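The values are calculated or read from the model by the stated rules, or taken from the named source; none is laboratory data. Remember, it's a predicted structure, so these values are computed and weren't measured experimentally. Don't worry about glycine lacking a Cβ; one is built from the backbone with ideal geometry, like all the others, and counts go over all protein chains shown.
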Amino acid sequence: MASKLISRLEKAGLTVRLAKEISSSPNNYLAEKMMAPVRANITNIAIRQNSAEIKKIKNDKRFQKIAEFKVLISAASSIDRFIEKHRQELNHFNKNLKDANFCPSDPLEVGQEKTALIYRLKRNPSNKDCLGFIKAHNGQLPNAQGLTESYEQGSKHFPEGLFVIGFDEEKNLWCDRYAQPTLPILGRLAGGKIHFNLTSLKGEKGENDCIIFFVSPPRHPNQSFNSHIQQ
């Protein structure tokens, strides 16, 4: 192995004299100078590979975009308040869906302007795939609070008969009596009814399921947030 390395260095123009100069330079100055472009090249290769991987994930055909709308985080954002307000419309809701049981990884701040994106799942992507897809878009995980806030402001964008999942990191999800983390799921049913429930994080997701996440909208000079909310 050592002889092969020496042979390659010699072919690259490294002579005994140059090797002595490099090894004797103060504080390895020459060696560091030689390695700088090598490190830069390695970094550039890693960036290109990472960019290509992110592009591949963002274009994953297992995720079909079906809705995009604006959300302004309000002071009234609350799971408890949502259930109280819509109790008559709820055909079912899980009693463990409450603010005390859910803690979003990236808390929603009052006054934040967000774009909500809903993607329908195709060909059963895994939970890891779903999280990877959201992160590739620099998306904010909504958890239950973001899910209910999105429904409050954009219920017509929730596809009828499908179920929208509010993903988050496992550590911020409520665990059932079997210590299994659960995901909040909300669906708009025929007749104006709402299905608000919990589903297992480990459970398989199908074509009746969607994911939702937030991205920060681009800011335009002299344009207010309300002016570009979809009606």
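Is it the case that region 124-147 has a residue that's closer than 24 Å to ARG81 by Cβ, β-branched (Val, Ile, Thr) and assigned by TED's automatic domain parsing to the domain that holds VAL110? Before you say what the answer is, go through the steps one by one.
Residues of region 124-147 closer than 24 Å to ARG81 by Cβ: 140-147.
Imposing the further condition that a residue be β-branched (Val, Ile, Thr) reduces the set to none.
No, because not a single residue in region 124-147 is closer than 24 Å to ARG81 by Cβ, β-branched (Val, Ile, Thr) and assigned by TED's automatic domain parsing to the domain that holds VAL110.
Identify the single condition in (1) over 14 Å from LEU97 (Cβ atoms); (2) of a type outside the set (A, V, I, L, M); (3) out of contact with any His (no Cβ under 9 Å at 6 or more places or on another chain) that ASP168 does not satisfy, given that it satisfies every other one. Result: ASP168 fails condition (1) only.
Of the set (1) under 23 Å from SER200 (Cβ atoms); (2) in a strand (DSSP E or B); (3) without any contact (Cβ under 8 Å) to a residue 60 or more places away in the chain, all apply to LYS65 but (1).
For every residue, the table says whether it meets (1) closer than 27 Å to LYS56 by Cα; (2) touching a Cys at 6+ places or on another chain (Cβ under 6 Å); (3) not aliphatic (A, V, I, L, M).
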{"residue": "HIS92", "(1), (2), (3)": "no, no, yes"}
{"residue": "PRO107", "(1), (2), (3)": "no, no, yes"}
{"residue": "LEU117", "(1), (2), (3)": "yes, no, no"}
{"residue": "ASN138", "(1), (2), (3)": "yes, no, yes"}
{"residue": "LEU173", "(1), (2), (3)": "no, no, no"}
{"residue": "THR182", "(1), (2), (3)": "no, no, yes"}
{"residue": "LEU186", "(1), (2), (3)": "no, no, no"}
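Scanning region 105-136 for residues that are surrounded by fewer than 19 Cβ atoms within 10 Å (Cβ to Cβ), of a type outside the set (S, T, N, Q) and touching a Leu at 6+ places or on another chain (Cβ under 7 Å) yields a count of 3. For LYS55, the conditions (1) of a type in the set (D, E, K, R); (2) modelled with pLDDT of 90 or more; (3) assigned to a helix (DSSP H, G or I) are fulfilled apart from (2).
For VAL164, are the conditions met, namely being surrounded by fewer than 18 Cβ atoms within 10 Å (Cβ to Cβ) and under 19 Å from the mean Cα position of the chain (by Cα)? Give the steps one after another, and end with the answer.
Working: surrounded by fewer than 18 Cβ atoms within 10 Å (Cβ to Cβ): no; under 19 Å from the mean Cα position of the chain (by Cα): yes.
The answer is no for VAL164.
For region 92-104, give me each residue that is surrounded by 13 or more Cβ atoms within 10 Å (Cβ to Cβ) and not in a loop (DSSP other than H, G, I, E, B).
Pass one, region 92-104, residues surrounded by 13 or more Cβ atoms within 10 Å (Cβ to Cβ): 93-94, 96-99, 101-104.
Passing the criteria: PHE93, ASP99, ASN101.
Here's the yes/no breakdown for (1) in contact (Cβ under 8 Å) with a residue 60 or more places away in the chain; (2) closer than 15 Å to ILE118 by Cα; (3) basic (Lys, Arg):
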position	(1), (2), (3)
SER150	yes, yes, no
LYS156	no, yes, yes
GLU170	no, no, no
LEU189	yes, no, no
GLY192	yes, no, no
THR199	no, no, no
